[in-house]
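The structure under discussion appears below in the form of structure tokens.
The values are calculated or read from the model by the stated rules, or taken from the named source; none is laboratory data. Model, not experiment: these values are computed from the prediction. Using ideal geometry, Cβ is built from the backbone for each residue, glycine included, and neighbour counts are taken over all protein chains shown.
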Amino acid sequence: AAAEKGGWSSFMAKEVSEEPDAVANTLRGRVRDGEVVIPELDGLDDLFLGISRIIVIACGTAAYAGQVGKYAIEQWTRIPVDVELAHEFRYRDPVIGTDTLVVSISQSGETMDTLMAVKYARERGAKTLSICNTQGATIPRESDAIVYTHAGPEVAVASTKAFVAQITALYLMGLHIGRVRGAIAPADAADHVRELEAIPGKIAQILEREQPRVEQFAHWMADTRSVLFLGRHVGYPIALEGALKLKELAYIHAEGFAAGELKHGPIALIEPGQPVFVIVPSPRKSAEMHKKVISSIEEIRARGARVIAIAEEGDAAVLPKADEVLRIPLAGPFFEPLLAVVPLHIFAMGLATAKGLDVDQPRNLAKSVTVE
Ligand code: G6P
């Protein structure tokens, strides 16, 4: 097993280090001169032309990838996108039919809840596309179309590199559908492709520059009993993913919230010393959103929260506001989640390690849940 870990202390440490490759390999052969060309979707335009809605179904981390994808896919295709947990989807007689594209996301391709939802959707006439990391798995075999993620085998129970690969595949799919439907200008699509191509290098930069610091925080926080995560827009599902990872790996009570929701309830949780990670949106993209998140930071800090901000390089406004600032490289709209999640994965892994826990095999969890 030591050899399989390639010198890393755990499969998870190895898999987090492979996040740049997971994105690069998922892009390989699918982008050319600023255009998305997905050979697997050749001849399948019909799947995308007659639809008026997209429903993404998944469980766990894969569902958070779906929530991230929703923002860009809606923007690029102008098709409404809903994201639902697979096990909730099937039990409420959803309004679906031949105008619906159901996109499932599953690392293993064997999650029973997701599989049953895909079968259910198909029986009701919906079109189905599977985003999956495992060649030949059951869910892709049950689907009309497949876009594989090429993250490589993921051994650690909690998903890391597959998550960034899933977002990458969703973005490729969104750009593909946008082109097929003529919903996106080629020049805009080319910009997004360039953004995607730059992501692996940027993730590598975060691993190189911030990993030791994040591990240090995790070590200091080994006795923490609760951590909160705040994000807005595409940062919101990243807050949820940061919290899930911490629950899974470190058995710590953790919650993610939409920053705007703070005043509607969660702020009551803030007491002196409460650690809160805040994903700060880029001020270059939306000065308004940035200002709002900074004022959320001010509100929780006034109540004693210890704020660890994840902010883009050059965002000076955040410095005097937060206790700690972790930097991520600049990225275009929709692309920061692929970067902001990296310190959160490192943090959860670091905290679990500091507590002496087995990060690869957390208690009570299975890599692939093949029962409903
Ligand atoms: C299990 C794992 C999670 C994973 C979820 C979905 O609960 O513990 O890490 O996110 O299943 O798995 P899938 O293989 O469908 O992506």
- Is there any pair with a first residue in segment 330-346 that is on the phi > 0 side of the Ramachandran plot and a second that is crowded, with 24+ Cβ neighbours inside 10 Å and in a helix (DSSP H, G or I) whose Cβ atoms are under 8 Å apart and which are 6 or more apart or on different chains, and what are they? 334/171; 334/192
- For residue 358, are the conditions met, namely being at pLDDT 95 or above, assigned to a loop (DSSP other than H, G, I, E, B) and surrounded by 15 or more Cβ atoms within 10 Å (Cβ to Cβ)? no
- Residue satisfying all of: in segment 157-182; of a type in the set (A, V, I, L, M, F, W, C) and more than 17 Å from the chain's Cα centre (by Cα); farthest from the ligand (Cβ to nearest atom) among these: 180
- In segment 89-125, the residues that are away from the ligand (no atom under 16 Å from the Cβ) and among the charged types (D, E, K, R): 92, 93, 99, 122, 123, 124
- Item | Single residue of segment 316-363 satisfying the filter (among the charged types (D, E, K, R) and in contact with a Ser or Thr (Cβ under 7 Å, 6 or more places away or on another chain)) that is nearest to residue 294 (Cα to Cα) | 336
- Message: It is to be established whether one or more residues within segment 266-281 are among the aliphatic types (A, V, I, L, M), more than 18 Å from residue 340 (Cα to Cα) and crowded, with 21+ Cβ neighbours inside 10 Å.
- Response: no
- Pick from 336, 372, 312, 324: which is farther than 29 Å from residue 285 by Cβ and among the acidic types (Asp, Glu)? 372
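Return yes or no: is residue 79 surrounded by fewer than 20 Cβ atoms within 10 Å (Cβ to Cβ), among the β-branched types (Val, Ile, Thr) and either more than 24 Å from residue 370 (Cβ to Cβ) or away from the ligand (no atom under 16 Å from the Cβ) (or both)?
Against the criterion (surrounded by fewer than 20 Cβ atoms within 10 Å (Cβ to Cβ), among the β-branched types (Val, Ile, Thr) and either more than 24 Å from residue 370 (Cβ to Cβ) or away from the ligand (no atom under 16 Å from the Cβ) (or both)), residue 79 qualifies.
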- Task: Kindly check whether there is at least one residue in segment 133-144 that is over 24 Å from residue 48 (Cα atoms), of a type in the set (Asp, Glu) and either outside any helix (DSSP H, G or I) or in contact (Cβ under 8 Å) with a residue 60 or more places away in the chain (or both).
- Result: no
- Task: Could you please give the count of residues in segment 329-355 that are touching a strand residue (DSSP E or B) at 6+ places or on another chain (Cβ under 6 Å) and either over 20 Å from residue 240 (Cα atoms) or surrounded by fewer than 16 Cβ atoms within 10 Å (Cβ to Cβ) (or both)?
- Result: 1
- Task: Tell me which residues, restricted to segment 234-253, are farther than 18 Å from residue 285 by Cβ and either within 15 Å of the ligand (Cβ to nearest atom) or in contact with a His (Cβ under 7 Å, 6 or more places away or on another chain) (or both).
- Result: 240, 241, 242, 243, 244, 245, 246, 247, 248, 249, 250, 251
- Starting from residues that are small (Gly, Ala, Ser) and within 10 Å of the ligand (Cβ to nearest atom), keep the ones in segment 352-372 and report whichever is nearest to residue 138 (Cα to Cα). 368
- From (1) touching a residue at least 24 places away in the same chain (Cβ under 8 Å); (2) within 25 Å of residue 160 (Cα to Cα); (3) charged (D, E, K, R), pick out the condition that doesn't hold for residue 45. (2)
- Would you confirm whether any residue within segment 190-202 is in a loop (DSSP other than H, G, I, E, B), in contact with a Phe, Trp or Tyr (Cβ under 7 Å, 6 or more places away or on another chain), under 23 Å from residue 130 (Cβ atoms) and of a type in the set (Val, Ile, Thr)? no
- Any residue in segment 83-104 that's more than 10 Å from residue 57 (Cβ to Cβ): show its pairings with residues that are hydroxyl-bearing (Ser, Thr, Tyr) and at pLDDT 95 or above at Cβ separation under 8 Å, as long as the two are six or more apart or on different chains. 99/52; 100/52; 101/128
- Out of (1) surrounded by 15 or more Cβ atoms within 10 Å (Cβ to Cβ); (2) away from the ligand (no atom under 16 Å from the Cβ); (3) closer than 23 Å to residue 220 by Cα, the odd one out for residue 319 is which? (1)
- Message: Restricting to segment 213-267, give me the number of residues that are farther than 18 Å from residue 158 by Cβ, of a type in the set (Asp, Glu) and not in a helix (DSSP H, G or I).
- Response: 1
- Quick one: which of 273, 231 is at pLDDT 95 or above, on the phi > 0 side of the Ramachandran plot and away from the ligand (no atom under 16 Å from the Cβ)? 273
- Query: When residue 49 is evaluated against the numbered criteria (1) touching a Lys or Arg at 6+ places or on another chain (Cβ under 9 Å); (2) surrounded by 16 or more Cβ atoms within 10 Å (Cβ to Cβ); (3) farther than 18 Å from residue 372 by Cα, which criterion, by number, is the only one it fails?
  - Reply: (2)
- Given (1) assigned to a loop (DSSP other than H, G, I, E, B); (2) at pLDDT 95 or above, index of the condition residue 284 fails: (2)
